[in-house]
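The values are calculated or read from the model by the stated rules, or taken from the named source; none is laboratory data. Note that this is a predicted model, so its numbers are computed, not measured. As a convention, Cβ positions derive from the backbone with ideal geometry for all residues, glycine included, and neighbour counts pool all protein chains shown.
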C-alpha cells in the first residue's frame, strides 16, 4: 500500500469527531442537535410573537421577526453548512460575505415590493377591516 493510501486508511481507522486534518468540519450529532434546537427556538419565538398580536408598533414587531430570521440564517450556516474561518483557505468567509449580500438584497427588495404594493392598492379598499365575509 502506498504512503498516502496508508495515511488515508489510518485516518478512517481512528475515531474522528467531525474534523479532518485539512480543517473541514463535518459536524457531529451534538452540533446538529444544537443547531436543530436553536432553529426551533428561533422559529417559535417570532411565530408566538406574531400570533399573540405583536407589539403596539408594527415596525418593532417586523424588526424583531427579521432579526430572528437573520440569526437563524447564521445558525444554519454554522451548524448545518459548517461554515467557519478555518477551512478552505478563506473560501468559506467569501461564501459568508456573498450570502449576506444576497440576503440583504432579497430582504430589501421584498420589503420594497410589499411597501409599493400596499401604497398603490385601490383607494376604496380599507386595509384595517378583517376579511369576515367575502361577498357581504
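Collect the residues in segment 54-85 that are more than 26 Å from residue 112 (Cβ to Cβ) and loosely packed, with under 13 Cβ neighbours inside 10 Å, keeping them in residue-number order. The answer is 85, and nothing else. Scan segment 37-53 for residues that are loosely packed, with under 10 Cβ neighbours inside 10 Å and under 21 Å from residue 111 (Cα atoms) and the total you get is 2.
Residue-wise test of (1) under 15 Å from the mean Cα position of the chain (by Cα); (2) modelled with pLDDT of 85 or more; (3) within 23 Å of residue 59 (Cα to Cα).
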{"position": "79", "(1), (2), (3)": "yes, yes, no"}
{"position": "85", "(1), (2), (3)": "no, no, no"}
{"position": "92", "(1), (2), (3)": "no, no, no"}
{"position": "98", "(1), (2), (3)": "yes, yes, no"}
{"position": "103", "(1), (2), (3)": "yes, no, yes"}
{"position": "109", "(1), (2), (3)": "no, yes, yes"}
{"position": "112", "(1), (2), (3)": "no, yes, yes"}
{"position": "120", "(1), (2), (3)": "no, yes, yes"}
{"position": "133", "(1), (2), (3)": "no, no, no"}
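The one condition from (1) in contact (Cβ under 8 Å) with a residue 24 or more places away in the chain; (2) under 21 Å from residue 43 (Cβ atoms) that residue 111 does not meet is (1).
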